[in-house]
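Notes follow the structure.
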Amino acid sequence: MPDMDNRTRRALDSALRTLLERKPLAQIRVRELTELCGLRRQSFYYHFKDVYELFDWSLQRERETLLRRREDCLTWEQALRDLLEHLTENRAYYRAILDNQGRKGLRTVFELSEMLAQAFSYYWSRCGLLPDPAAEQMQMQCGETVLLSLLENWLRGELELEPEAMLSMVSKAVDQSIAGATLRTLREQGDLWAY
C-alpha cells in the first residue's frame with residue numbers, strides 16, 4: 001500500500017505542476033487535480049487536506065530532488081548550471097513558490113548554503129586567507145542574498161538571460177570578489193606595494 005500511496009501523491013504533484021503552468025495556486029481546485037489524475041476526490045483527501053498541503057509536500061520533495069541532483073556536481077558552477085537548467089524547465093512551479101512563500105520559500109527549497117560554503121571554502125584557501133568564521137558567515141549570508149535576488153529576478157523575467165549567460169555573470173562576479181580578496185591578503189602580508 002505505501003507504494004500506491006506514493007504513486008498517488010506523485011500523480012497529484014504532477015497534476016499540480018501541470019495546472020501551475022496555466023493558473024496561480026490559489027485558483028487550483030481539488031476537482032481539477034483529481035480529474036487530471038483520473039482519481040476520485042476521496043483519494044486526494046486521504047493524502048492531503050487541501051491544495052496548499054499538497055504544495056507543501058511538493059516543495060519538500062523538490063528540495064530533496066535538488067539536493068540529490070547537486071550530489072552529482074563536482075563544482076559550484078556545475079551545481080548552479082544544473083539549477084538554472086532545472087528552473088528553466090520548471091519556471092511556473094518556481095514562480096508559484098515565489099508568489100506563495102516569497103524568497104523564504106526559494107531559500108528553503110534551494111538550500112544554497114552548502115553550495116556556497118563549498119565555493120567560498122575553495123576560493124578562500126586559494127587566496128591564502130586565514131580562517132575567520134565571522135567574516136565567512138557574513139560573506140555566506142551576503143552571497144546567498146545576492147544569489148537569491150538574482151534567481152528571483154530571473155524567474156520573474158526581470159533579468160532576461162539564458163542560463164549560460166546567467167552563470168557567466170555570476171562567475172565573473174565571483175572572480176572579481178576573489179581578486180579583491182587576494183589583493184587584500186597580499187596587502188595584509190606586505191607582499192604588495194600599497195598604492
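In order along the range 158-164, the phi-based Karplus estimate (6.51 cos²θ - 1.76 cosθ + 1.60, θ = phi - 60°) of 3J(HN,Hα) comes to 7, 10, 8, 9, 6, x, 5 Hz; Gly and Pro are listed as x. Computed from phi, the 3J(HN,Hα) profile of the range 13-18 under the Karplus parametrisation 6.51, -1.76, 1.60 (θ = phi - 60°) reads 4, 4, 5, 4, 4, 5 Hz, with x in place of Gly and Pro.
Each residue of the range 134-141 was assigned a 3J(HN,Hα) from its phi angle through the Karplus curve 6.51 cos²θ - 1.76 cosθ + 1.60 (θ = phi - 60°); the sequence is 5, 5, 5, 5, 5, 5, 5, 5 Hz, with glycine and proline shown as x.
Maximal additional length on extending the Ala26-Ser168 stretch stands at 47.5 nm, based on 0.36 nm per residue less the C-alpha distance.
Since every read-out is calculated from the coordinates, none of them should be taken as a lab result. These numbers come from a predicted model, not from an experiment.
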